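First comes the structure, then the notes that go with it.
The values are calculated or read from the model by the stated rules, or taken from the named source; none is laboratory data. Keep in mind the model is a prediction, meaning the values are calculated, not measured. All Cβ positions, even for glycine, are placed from backbone atoms using ideal geometry, and neighbour counts span all protein chains on display.
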Amino acid sequence: MPAAGRRVTGVSCADPLQGLNRAMQNQSLTQKLANPTRFMDLSGRLLPWLAWGSTSIIAAALYLAFFVAPPDYQQGHTVKIMFIHVPSAWLAMMAYALIAASSFGLLVFRHPLADVSAKAAAPIGAAFTLLALVTGSLWGKPMWGAYWVWDARLTSVLMLFFLYLGLMALRSSMEDEALAAKLTAVLALVGVVLLPIIKFSVDWWNTLHQPSTGLTSTVHTSIRTPLLVSAVGFSLLFFAMHLKGMRNEVLRRRVKALRLAEVERAQGAGGGRVAAPAE
Amino acid sequence: MDLGPHAVFIVASYLGAAAVLAALIGWLVLDGRRQARALEELEARGVRRRSRGG
């Protein structure tokens, strides 16, 4: 056997256990997280910090929004809707980008947690997209005089919402989970073309929706600060919910594996017949 | 607090956001408890994966 064949990621295997330990130490973060048990351990420790951090920051954002931020010179107090609309819209797109990256990770690298991540992010992304649409609509009525217009930005975000629903529907329509994961990943990667369309729709077409103001633009600090604080709080909340969703999915897969093992053991013990679960 | 003539739209936005996020968090917490309970029940019955339980 050539020398390279006796090595595990560049570590000599004279002592197999020592070599394995060294190889595990040399793993990248994504490789370390490929182990669901290690992921559950790490995420279990991180989740309370994310949950409490997001709660505190959102509470601070609410205080800034209702007790510090002045009414806008054009929008009046209606600008307060922006403090939830803008973070929701940003997270609607970020969640989809995360699903697309996870789908890529599944199809190309076959990362064991990639599909778990994509599956967990879909309902959360759909919820934030719905929030962006609803709060935008509630802002549009007093400002534009209409709840809805078939504007390029609004329409493309509506398409993103339907895409989220499509991803969830496609996954749940198949019993074969591995096939469902692959097909959903392909659809997610095809749908990623929608992200630049949403982002640049206000530049490419003449839309009623205003162009992106950006975080370093002329928005006054008294409005920009609560907006930024709210965006950070909502983002932390998203990551907390995503981690929780991933943990739930890992548990669901363990439950499924154990039930399958139980049935197989019962079939083996009963000569092919399905017996009652073992004591 | 005076939210001006469009107060109803502002309040509806915040209540809607709170309702959607509360529903999502509630679903995640309940789903997690359900899966953890199912796993505990299976492990209490002595069910092990093939690699460990043989």
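Here are the numbers for this structure:
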| quantity | calculated |
| --- | --- |
| Residue list for the range B:32-54, filter: more than 27 Å from A:ILE58 (Cβ to Cβ), more than 8 Å from chain A (Cβ to nearest Cβ) and not polar (S, T, N, Q) | B:ARG37, B:GLU40, B:GLU41, B:ALA44, B:ARG52, B:GLY54 |
| Conditions (1) out of contact with any helix residue (DSSP H, G or I) (no Cβ under 8 Å at 6 or more places or on another chain); (2) hydrophobic (A, V, I, L, M, F, W, C); (3) modelled with pLDDT of 95 or more: number failed by A:ALA34 | (3) |
| Residues (more than 7 Å from chain B (Cβ to nearest Cβ), in a helix (DSSP H, G or I) and closer than 17 Å to A:GLY136 by Cα) located in the range A:74-102 | A:VAL79, A:MET82, A:PHE83, A:HIS85, A:VAL86, A:PRO87, A:SER88, A:ALA89, A:TRP90, A:LEU91, A:ALA92, A:MET93 |
| Residues satisfying the stated conditions in the range A:171-182, i.e. surrounded by fewer than 16 Cβ atoms within 10 Å (Cβ to Cβ), of a type in the set (A, V, I, L, M) and in a helix (DSSP H, G or I) | A:ALA178, A:LEU179 |
| Criterion violated by A:VAL250 - all others in (1) within 14 Å of another protein chain (Cβ to nearest Cβ); (2) of a type in the set (Val, Ile, Thr); (3) not in a helix (DSSP H, G or I) satisfied | (3) |
| Yes/no for B:LEU3 being of a type outside the set (Lys, Arg), more than 15 Å from A:LYS256 (Cα to Cα) and at the interface with another protein chain (Cβ under 7 Å from one of its Cβ atoms) | yes |
| The range A:136-186: number of residues that are without any contact (Cβ under 8 Å) to a residue 24 or more places away in the chain and aliphatic (A, V, I, L, M) | 8 |
| Among (1) under 30 Å from A:ARG38 (Cα atoms); (2) of a type outside the set (Gly, Ala, Ser); (3) in contact with a Gly (Cβ under 6 Å, 6 or more places away or on another chain) - the single one A:VAL134 does not satisfy | (1) |
| Residue identified as more than 7 Å from every other protein chain (Cβ to nearest Cβ), in contact with a Leu (Cβ under 8 Å, 6 or more places away or on another chain) and either surrounded by 16 or more Cβ atoms within 10 Å (Cβ to Cβ) or at pLDDT 95 or above (or both) among B:VAL11, B:VAL20, B:VAL29 | B:VAL11 |
